[in-house]
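This report concerns only the one structure given below.
Values quoted throughout were computed directly from the atomic coordinates according to the rules given, and no laboratory measurement underlies them. Quick caveat, the model's predicted, so the values are computed rather than measured. Quick reminder, even Gly has a Cβ in these numbers, built from the backbone with ideal geometry, and neighbours come from all protein chains shown.
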Amino acid sequence: MVTEKYYSLSEAAEILGKSKETLRRWDREGKLHALREPISEYRVYKREDINFLLKPLFDELDIETDNSEAPIKEFKVLELFAGAGGLAIGLEKAGISCVALNEMDKWACQTLRENRPHWNVLEGDIKSFNFEKYRGEVDIVTGGFPCQAFSYAGKRLGLEDARGTLFYEFARTVKEVNPPICIGENVKGLLSHEKGETLKGMISILNEIGYNVVPVKVLKAINFKVPQKRERLILVGIRKDIDVKYEYPRPYQSIYNLSDALKKGKLYDTDVPKSEGSKYPQHKKDVLDLVPPKGYWRDLPLELQKEYMGKSFYLGGGKTGMARRIGWDEPSLTLTCSPAQKQTERCHPDETRPFTVREYARIQTFPDDWKFAGSISQQYKQIGNAVPCNLGKEIGYSVIKFLNDYYLSLSKPK
Ligand SMILES: C[S@@+](CC[C@H](N)C(=O)[O-])C[C@H]1O[C@@H](n2cnc3c(N)ncnc32)[C@H](O)[C@@H]1O
């Protein structure tokens, strides 16, 4: 069987974002026909069949969805773990004012200050700040706290049990500020972290400090005008005295691709500005030279596949992100904090190099005039860590809608 023309079951599942079991069922039901490898009898899928299934994503036009919502008064956010400001920019674009941002990385703080001299950047470890002075001053507390395990004793977790973790600091701040709504943001992996116990603990802690958690959702950035297949888990807490429903932003139908990110078009008025970027080491470049757009390590000659993948070659699984060259007509795979790192290469479609800093920023939907401080690798890190600005903006609209409804409900006679 010629592997360049086929995907294995796990590769097809990964590309389509479905489970292997779903694909097996589709095969049984005749929805997506699989062929069988002659010797192993494993299912394989024709690449053209998989690409055909992805196509409607790119073609559909967006007619009905518009999440935008104007605030009825000034709404203020305290943004924790602010990084280079991806979420903060998005919230600002939606119409929310940033009252203060906390971040401990000095380069990220410099980025925030240089771009928004009027923002109140609180530089330093969150542990050293007390946020009580923002009580009653802030409508929203947001934060992408890094995910850490708690120690369990098989009981319902309370705030004190999480002491020492950054989620504790997030929850402590929410408790000090007591806003109507808080939003935690994290990687999708939090769903399965410690078999789901970590997330369960977070929900029970928010409950203890007076917040009901809306059923957790993973938002796909591609559904929110971001040309990248990034996913973020959103944890929304609503103060318990409030009887107003929060609704997640509705997904848009049109999907943007790399061409929309880097070329003049629907997302940007100009082609991407020139900028610095890192390079691949020579060996990696020689390997990636052999990979076509939308291709990956499977497109290499067999011997080179084995050499490049090392042990991973024998471990099975799709690993479609390794030695990957992105195509112009697809969204980018998730950007990481370092663009030349093994296992997650996302090569430029026409040139054998990683995306430049400004290309990275575009794929994360940062504005072109947002400058990043520090060395090139510091800049990549700040961009790779961010919530895509366009996703942040849609989250912002959903919060504005909630706060509008909340403040209007206060003024209605009971
Ligand atoms: C995932 S990034 C947040 C990205 C940001 N929300 C954005 O959209 O650009 C997490 C950030 O938390 C910061 N951080 C980690 N530990 C911290 C601490 N103890 N105090 C303050 N900031 C911290 C990191 O420096 C990093 O910038």
Counting each DSSP H run of 4 or more residues in the chain as -39500 (n - 2.57), what helix-only mean residue ellipticity at 222 nm follows after dividing by all residues, to the nearest 500 deg cm²/dmol?
-9500 deg cm²/dmol
Expressed in angstrom, Rg and Dmax over the Cα atoms of the chain are 22.7, 75
If the reach is capped at under 17 angstrom between alpha carbons, list the aspartates and glutamates near Lys311, excluding any in the same chain fewer than eight residues apart.
Glu303
Of Asp139, Asp369, Asp260, which has the largest mean-square fluctuation in a 10 Å C-alpha GNM of the chain?
Asp369
Determine, for Glu160, Glu169, the number of other Cβ atoms within 10 Å of each Cβ, and report the residues in order from fewest to most.
Glu160, Glu169
Cys347 long-range amide H proximity, modeled H, under 5 Å
Arg324, Arg325, Ile326
By DSSP, what percent of the beta bridges with both residues in the chain are antiparallel, rounded to the nearest 5?
55
Env charge @ Val99, Cβ radius under 13 Å, K,R +1 / D,E -1, value -1
Going by how many other beta carbons lie within 10 Å of each one, how would you line up Val216, Val174, Val272, fewest first?
Val216, Val272, Val174
Just want the ordering: Tyr42, Tyr252, Tyr397, from fewest to most Cβ atoms lying within 10 Å of their own Cβ.
Tyr42, Tyr252, Tyr397
Using the alpha-carbon atoms, what tilt in degrees (0 to 90, nearest 10) does helix 47-59 show relative to the longest principal axis of the chain?
40
Using the Karplus equation 6.51 cos²θ - 1.76 cosθ + 1.60 (θ = phi - 60°), what ³J(HN,Hα) coupling, rounded to whole Hz, does each residue of the stretch 180-193 give in order, writing x for Gly and Pro?
x, 9, 10, 10, x, 9, 7, 7, 4, x, 4, 4, 9, 4
Straight distance only, please: which aspartates and glutamates reach the Cα of Lys274 with their own Cα at less than 17 Å, same-chain residues fewer than 8 apart left out?
Asp260, Asp350, Glu351, Glu359, Asp368, Asp369
Using the Karplus equation 6.51 cos²θ - 1.76 cosθ + 1.60 (θ = phi - 60°), what ³J(HN,Hα) coupling, rounded to whole Hz, does each residue of the stretch 23-33 give in order, writing x for Gly and Pro?
5, 4, 5, 4, 5, 4, 7, x, 6, 9, 6
Degrees separating the helix 106-115 axis from the principal Cα axis of the chain, which is the longest one:
80
Backbone HN-Hα couplings from phi across the stretch 341-350 [Karplus 6.51/-1.76/1.60, Hz, Gly and Pro as x]
5, 5, 6, 9, 5, 10, 7, 4, x, 9
Those lysines that a straight Cα-Cα span of less than 17 Å connects to Lys381, excepting residues fewer than 8 apart in one chain:
Lys106, Lys279, Lys342, Lys371
Please compute, over every Cα-Cα pair in the stretch 249-314, the percentage with a separation greater than 17 angstrom.
64
Which order do the peptides 347-353, 263-269, 35-41, 225-231 come out in when sorted by mean C-beta neighbours inside 10 angstrom, highest first?
225-231, 347-353, 263-269, 35-41
Nearest 10 degrees, 0 to 90: what angle lies between the long axis of helix 166-177 and the longest principal axis of the chain (Cα atoms)?
30
